[in-house]
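Structure, as C-alpha cells:
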Amino acid sequence: MSTYLLVHGAWHGGESWKRVIPLLTAAGHRVFAPSLTGHGDKAHLLGPEVGLDTHVDDVVGLITEEDLTEVVLVGHSYAGLVVASAADRVPDRIADLVYLDAMVPEDGESATDIMPVTQTLIDLAERSGTGWRIPPLPELPPPAGLFGVTDPADVAWLRTLLSDQSARCLQQPVRLDNPAANRIPRTHIHCVADEPEGFERRPVPATQPNGTPAQVWELDTGHDCMVTKPAELTDLLLKLGA
C-alpha cells in the first residue's frame, strides 16, 4: 500500500480529485486530497494574508499530523510550487514527487516568475477593485474550455468547485535549500491536448537532481486531467505506487 497526497491547483479544491480518489483506493492505496486554506470546504478562510507559505504549511501539517511516510506527493498546476516547498521541508517522508501539468520552480521563484501571465491577473484584480482577490479564469470557447474541460456537464460541476485565489499565493517565492530533497525521484506529467497558442512549457532537464534520467509522461487531454481523464491519470500514478 502506498500513500498518495493529491494537492489541487489555484482556484480549485480537494473535491476536484473526486474521480481519481476511488480508483486509487480500489487499487489498495491510501489517499489524501485536502483543500488548501481558502479553497473548497475552507473557502471561508480566504484572506489577503493567505499565501504560498500558508499552503505549504497545510501540506506539511497534514503529513506530520497523520505521520505519513513514503508519500507520493502530487501537485497540480500552481501546486507544483506547494509540493516542491513541502518536499524541501520534509524530504525524508516523500517517496516520489509528481508535477502534474505544474509549475516547476527553482529556489527563490514565485508563480509570477514561472508564468509571467499570472502578474497580469494580479494587475487586473487591482485595477478592478477586487484588490488581492483573483477570480477564476473564465471559460473559453472549445477546445480551451474551462481549464481544459469542455463537456457541458463537467464544466457545470467544475464551476461549483472554483473560488477566488489570493494574490499572495502567486507572489511569494519558494524556498528550496535542503540538499536532502534532491534525492527524491521526480515525475512530470504533461497535459498536451490543445495547449494555448503562445504557451511555452519550461523544459524538463534531462537529468533529475538525484542523477537519474528525467521521467516525463504525457496525457492527451486538457489541463484539468483529473476531471477529463481520471482513469488514465490514475494508471500513471499507480506506476509510482507499485
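Here are labelled values, [x] 25, 21, 18; [y] 31, 23, 21; [z] 32, 19, 17, and one is the computed semi-axes √(5λ) of the Cα gyration tensor in Å for what I pasted. Which one? Looking at semi-axes √(5λ) of the Cα gyration tensor in Å for this model, the match is [x].
Applying both filters, DSSP loop and at most 12 other Cβ atoms within 10 Å, to the trypsin sites (Lys or Arg not before Pro) of the stretch 1-89 eliminates every site.
Once both labels are positioned 7 Å from their Cα atoms along Cα-to-Cβ, the gap between Val204 and Thr69 label points is 2.9 nm. Average 1/r across all pairs of distinct alpha carbons in the stretch 134-222, invert it, and you get the Kirkwood radius: 16.2 Å. Taking GluC sites (Glu not before Pro) as exposed when their DSSP state is a loop state and no more than 13 other Cβ atoms lie within 10 Å, the longest site-free interval of the chain runs over 107-196. In the chain, taking the dipole from charged Cβ atoms about the Cα centre, the farthest positive-side position among Leu176, Met1, Val56 is held by Met1. Kirkwood analysis of the Cα pair distances in the stretch 1-60 returns a hydrodynamic radius of 12.2 Å.
Mean sequence separation of contacting Cα pairs (under 8 Å, at least six apart), scaled by the length of the chain, corresponds to a relative contact order of 23 percent. Relative to its residue count, the stretch 54-147 spans a Cα convex hull of 121 Å³ per residue. In the context of the full set of protein chains, residues of the chain present 45 Å² of accessible surface per residue (probe radius 1.4 Å, heavy atoms only).
Placing dummy labels 7 Å off each Cα toward the beta-carbon, the span from Asn178 to Arg30 is 1.9 nm.
Considering helices alone, the calculated mean residue ellipticity of the chain at 222 nm is -8500 deg cm²/dmol, with DSSP H runs of length four and up weighted by -39500 (n - 2.57) and normalised per residue. Positive-end ranking of Val192, Val216, Ala206 along the dipole of the stretch 144-237, with charges on Cβ about the Cα centre, is headed by Ala206.
Contact order normalised by length for the stretch 183-242, with contacts defined as Cα pairs under 8 Å and 6 or more residues apart; what percent is it?
Values: 58 pairs, mean separation 22.5, N = 60.
With pairs under 8 Å counted, the relative contact order is 38 percent.
Between the DSSP loop rule and a limit of at most 16 other Cβ atoms within 10 Å, which trypsin sites (Lys or Arg not before Pro) in the stretch 139-182 are left? Could you put the intermediate results ahead of the total?
Values: sites: Arg159, Arg168, Arg175; in loops: Arg175.
Answer by residue number: Arg175.
Using a 1.4 Å probe on the protein chains only, how many percent of the accessible area of the chain belongs to carbon and sulfur? Walk me through the numbers on the way to the answer.
Numbers: 5660 of 10890 Å².
Exposed carbon and sulfur together represent 52 percent of the surface.
The values are calculated or read from the model by the stated rules, or taken from the named source; none is laboratory data. Here the structure is a predicted model, which means the values were calculated and not measured. Note: ideal-geometry Cβ built from the backbone for every residue, glycine included; neighbour counts use all protein chains shown. Note: accessible area is taken over every heavy atom of the protein model, side chains too, but ligands, DNA and RNA are not part of it. Shrake-Rupley method; radii C 1.70, N 1.55, O 1.52, S 1.80 Å.
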